[in-house]
Amino acid sequence: MFNFIMELLYSRSFVLYTSDGQASRPFRTKNGVAQGSVLASCLYNIYAADFPETSAKRYMYADDVALTVSAPTFREAEHALSHDISVVSAYLTKWKLRLSVETTVCSVFHLKNHSANYPLNVKLKPNVTVKFDSHPSYLGICLDRSLSFRTHLHTLKKKVSSRVALIKRLAGVGWEVHSKLSEPLAWHLHLLRQNTAPPCGAAALTQNTSMYL
């Protein structure tokens with residue numbers, strides 16, 4: 001078993017192919033696991049099993065981590081998140097992992113209209129501030145300050161509108177397709193249902209939650 005796992009982790013390479021059939025020289029991968037492998041996900045879970053405890057609630061999906069803090073003031077939320085991100089950063093450094101500064105953002109959720117434009121000041125390092133995003137996207141759901149999901153629904157509406165127009169064309173006249181539902185139409189109805197699925201889980205965030213993604 002040990003040799004089998006080592007074979008998965010080491011001596012791997014990849015080649016890039018262009019549309020006209022040309023190939024690059026082989027490149028060796030120095031880290032990571034083979035994507036799509038069942039064993040790869042098990043190894044990742046073992047690797048991340050000792051993820052450090054934080055004062056913030058932690059939500060993990062594969063390599064995406066969200067830390068959420070509920071606090072009476074913005075300053076308290078900023079202090080708690082800055083401390084927790086330093087703990088996470090130290091853990092990543094210890095195990096030779098790199099935090100993606102470009103995709104790491106912080107956001108705040110509340111119903112205080114007089115503080116609607118308040119940007120959280122969360123420190124990644126003493127001289128590095130986490131980018132503030134008023135409409136962060138997490139697991140495909142676009143969130144807004146009051147958790148009304150208006151921005152997400154607006155984006156969803158645009159996606160669905162294009163698919164509805166295509167369905168109307170495939171249906172011919174109106175929506176009366178009945179038993180003549182063709183395979184292409186059934187496929188696009190499946191796409192429509194996928195895009196109109198409710199944002200499960202996002203409602204667990206409360207109005208006083210400051211969220212770091």
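The values are calculated or read from the model by the stated rules, or taken from the named source; none is laboratory data. Computed from a predicted structure; not experimentally measured. Positions of Cβ are generated from backbone atoms using ideal geometry, with glycine treated the same way; all protein chains shown enter the neighbour counts. The accessibility values were calculated without ligands, DNA or RNA, using every heavy atom of the protein model including side chains. Shrake-Rupley method; radii C 1.70, N 1.55, O 1.52, S 1.80 Å.
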Neighbour net charge for residue 31 - beta-carbon separation under 14 angstrom, K R +1, D E -1: +4
Reciprocal of mean inverse Cα separation for segment 50-180 (Kirkwood radius, Å): 17.6
Lys and Arg at +1, Asp and Glu at -1: neighbours of residue 100 with Cβ under 15 Å from its Cβ sum to 0
To the nearest 10 Å², what's residue 112's accessible area with a 1.4 Å probe? 80
Write down the Å³ per residue value for the convex hull defined by the alpha carbon atoms of segment 61-128. 109
Treat each spin label as a single point 7 Å out from the Cα along the C-beta direction, and report the residue 168 to residue 55 distance in nm. 5.5
Residue-normalised accessible area of segment 1-155, given per residue in Å² at a 1.4 Å probe: 70
